[in-house]
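Working notes, beginning with the structure itself.
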Ligand SMILES: Cc1cc2nc3c(=O)[nH]c(=O)nc-3n(C[C@H](O)[C@H](O)[C@H](O)COP(=O)(O)OP(=O)(O)OC[C@H]3O[C@@H](n4cnc5c(N)ncnc54)[C@H](O)[C@@H]3O)c2cc1C
């Protein structure tokens, strides 16, 4: 049987590989480093939230609410996903005034949410700053232990026959007569693509697309910071907390630690290919967290990590499409810091697209076409 090749063993690579294998396909994943070594790994947990999400992704999230619990239950190794509710805190007058419009828009896309007064917020999360004037609340939002989940899906994929080759970097994609024929890896080997090629290399995708197709995707790589505080039993975090204008996200972590993130940048060293946190971002991120939860003032930081690259896209939503002009090549990149929550739905849509040769309408907002680039004669 002809083999499908998946590049990258992050959440997208392992979900798609597992789904293909369960449909009887022969699948091989080529991973430059190790399973979950990119944005799908690292400390803390990922938010699975619709609240405050880019409006173009809401329809995917409405579907994701349905998919996450069942997918979580189907994996070995215990639950990784949990519904905690998400508070999108509002402090400024203009954010309070626009809240109803956002609530209406989210609801129209199938995302249950409601406005909470400051008093109602404090019944869900204690210790909020006096300046918090209210929040938009999504009860079905939650969090996921992303690294454990990615590893569990990888094990499931392997149990269905998927071969995962780690330490195998793809350096070039060979195309002949509108078909991907093979990929070349860093060790000089060539691996035939008898079936389809799925390029889910996140931070590595743009370089491969440019070298094979001469197409420069409007994406760039960012190393986003995550911090874990020292244990803080005096600051129990009961919901996932985000903010309408501050760059901050707060989550409960195991052992009474608090996870603080939200998109502050670290520094990426091209020579060592490693990222590290920078003092200004650590201080800035902590200050934003203290502004909404004053009890975090003076809290020690046990870990600050910025070693997991994410590709960001110029219009803040991913690009999910065929490789240009290619009958058997698909790619997704540019998750812009929020690709985790929608992964199970997007992976299913891509696999259905390939199986039925029918372009899913839900993916239309994410096509190359929005940049005036067409996928050729293939749909
Ligand atoms: C700090 C941080 C916080 C985030 N928080 C959230 C959140 O709260 N909610 C949310 O929805 N999303 C969040 N995200 C985004 C989400 O984690 C990512 O969008 C998602 O994990 C991307 O999955 P992926 O499989 O595409 O990429 P990755 O997990 O990065 O996997 C890509 C894999 O490809 C491999 N690779 C790269 N180049 C090559 C090559 N040439 N050959 C072979 N392999 C290659 C890499 O080693 C990597 O393992 C966050 C991201 C970060 C970094």
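Report, in whole Å, the centroid distance computed from the Cα atoms of the range 1-43 and the range 180-247.
13
Using a 10 Å cut-off around each Cβ, can you sort 46, 370, 28, 23 from fewest to most neighbouring Cβ atoms?
Going from least to most buried by this count: 23, 370, 28, 46.
Looking at the square roots a ≥ b ≥ c of the eigenvalues of the Cα gyration tensor of the range 206-290, which shape do they give, rounded for a/c under 1.5, prolate if a/b is larger than b/c, or oblate?
Note, shape of the range 206-290 comes out prolate.
Would you mind getting me the FRET efficiency between residue 93 and residue 297? Use the beta-carbon distance for r and R0 = 22 Å, nearest 0.05.
In this case the efficiency is close to 0.30.
Springs between alpha-carbon pairs under 10 angstrom, Gaussian network model over the chain: which of 361, 232, 283 fluctuates most?
Greatest mean-square fluctuation among the candidates belongs to 361.
Give the separation of the Cα centroids, the range 71-112 to the range 251-302, in Å.
Result: 22 Å between the Cα centres.
With axes computed from alpha carbons, what is the tilt in degrees of helix 343-356 against the longest principal axis of the chain, rounded to the nearest 10 within 0 to 90?
Around 30 degrees separate the two axes.
Wrap a convex hull around the Cα atoms of the range 243-379, take a quarter of its surface area, and give that in square nanometres.
For the Cα atoms of the range 243-379, the hull's average projected area reads 11.3 nm².
For n ≥ 4 DSSP H runs only, could you compute -39500 (n - 2.57) per run for the chain, divide by its residues and tell me the 222 nm figure to the nearest 500?
Mean residue ellipticity at 222 nm (helix-derived): -8500 deg cm²/dmol.
Picking from 25, 66, 155, which is most flexible by a Gaussian network model of the chain using Cα springs under 10 Å?
Among 25, 66, 155, the largest GNM mean-square fluctuation belongs to 66.
Send over the Kirkwood Rh of the range 1-154, from the inverse of the averaged 1/r over different Cα pairs, rounded to one decimal Å.
With all distinct Cα pairs of the range 1-154 included, I get 17.5 Å.
Based on the Kirkwood radius over alpha-carbon pairs, what value in µm²/s does the Stokes-Einstein equation return for the translational diffusion coefficient of the range 138-248 at 20 °C and 1.002 mPa s?
116
Taking each pair of different alpha-carbon atoms in the range 267-338 once, compute 1/r for the pair, average those values, and report the inverse of that mean as the Kirkwood hydrodynamic radius in Å to one decimal.
15.4
Can you tell me the equivalent ellipsoid semi-axes for the chain? Use √(5λ) from the Cα gyration tensor, largest first, whole Å.
36, 22, 19
Who wins for biggest fluctuation among 141, 305, 187 in a Gaussian network model of the chain, springs between alpha carbons below 10 Å?
Checking each option, the largest mean-square fluctuation is seen for 187.
Nearest 10 degrees, 0 to 90: what angle lies between the long axis of helix 11-22 and the longest principal axis of the chain (Cα atoms)?
50
Given axes a ≥ b ≥ c from the Cα gyration tensor, I'd like to know whether the range 173-216 is rounded (a/c under 1.5), prolate (a/b larger than b/c) or oblate.
Oblate, because a/c is 1.5 or more while a/b does not exceed b/c.
Which shape class, rounded, prolate or oblate, goes with the range 329-379 when its Cα gyration tensor gives a ≥ b ≥ c as root eigenvalues, a/c under 1.5 marks rounded, and past that a/b bigger than b/c marks prolate?
oblate
Any chance you could give the angle, 0 to 90 degrees and rounded to 10, that helix 93-108 forms with the longest Cα principal axis of the chain?
50
The numbers here are math on the coordinates, done by the rules we state, and not lab data. The shown structure was predicted, so the numbers you read here are calculated from the model rather than taken from an experiment. All Cβ positions, glycine included, derive from the backbone under ideal geometry; neighbour counts span all protein chains shown.
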